[in-house]
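Everything below concerns the one structure shown next.
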Amino acid sequence: MAVVNVCLSSKLLPKPKLDNPLPSQQHFCFPSLSLPFNCTATRPQRPVNHQSQAPQNPLLCLGESISRASFLALLSASLFFASDPALAFKGGGPYGAEVTRGQDLSGKDFSGKSLVKQDFKTSILRQTKFKGAALVGASFFDADLTGADLSDADLRGADFSLANVTKANLSNANLEGALATGNTSFRGSIITGADFTDVPLRDDQREYLCKVAGGVNPTTGNATRDTLFCN
């Protein structure tokens, strides 16, 4: 523990009107300032000259103490998160065990898995299999689902905003309340028996899907054309 005395030279004080004037080199010292470490340890040591040595600047020492404490806190936090990968955000979903955001997962098989609210944002999912998977609230924002198998999947509330869902298999999938805003495309996809209830589609996408729509969803009992408001 370092102790710094804050002193003022009598040269800097007004000369007191006393019979016995103060010696020219006398110092007035205030209560000591304690610091958590020796602030002079980082400086090269100079030969001690008791006649010319000036007292340490307490503000400088305090600044060094705060800087070192901040550095140690940052280092401790970094080591803490590095030691537990589960606490380091890498784009995985809150319930899925694997990191699936921004990944190339082409051809991977997720069939029948529970992937509720899983994060697949910006991932490449070409020919990826999600047959019968529970994907309630999952995010496929800006993902590439070209040729993906989403048949029989539970996609309620899933986010397909800006996603490429061309040539995908959505037969008997339940997409109630899913998002499909922006440039989402379902061109070439199989939608027989799919339920699009409350899915906000662009007029051109709705018109296209109505041309290929058919069947009844086995889970909800809703006709695909009815959920798309086809004429």
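The values are calculated or read from the model by the stated rules, or taken from the named source; none is laboratory data. All of these numbers come straight from a predicted model, not from anything done at the bench. Please note: Cβ atoms are built from the backbone with ideal geometry, for glycine as well, and neighbour counts cover all protein chains shown.
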- Considering (1) part of a loop (DSSP other than H, G, I, E, B); (2) surrounded by 18 or more Cβ atoms within 10 Å (Cβ to Cβ), say which one N183 fails and leave the rest. (2)
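For every residue, the table says whether it meets (1) farther than 24 Å from S106 by Cβ; (2) touching a Ser or Thr at 6+ places or on another chain (Cβ under 6 Å).
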site	(1), (2)
K129	no, yes
A134	no, yes
G137	no, no
F196	yes, yes
Y208	yes, no
- Which is assigned by TED's automatic domain parsing to the domain that holds L179 and at pLDDT below 95, of S151, S114? S114
- Which residue out of N172, N183 is of a type outside the set (D, E, K, R) and at pLDDT 95 or above? N172
- Item | Residues of the range 198-224 classified as within 32 Å of the chain's Cα centre (by Cα) and surrounded by 15 or more Cβ atoms within 10 Å (Cβ to Cβ), total | 2
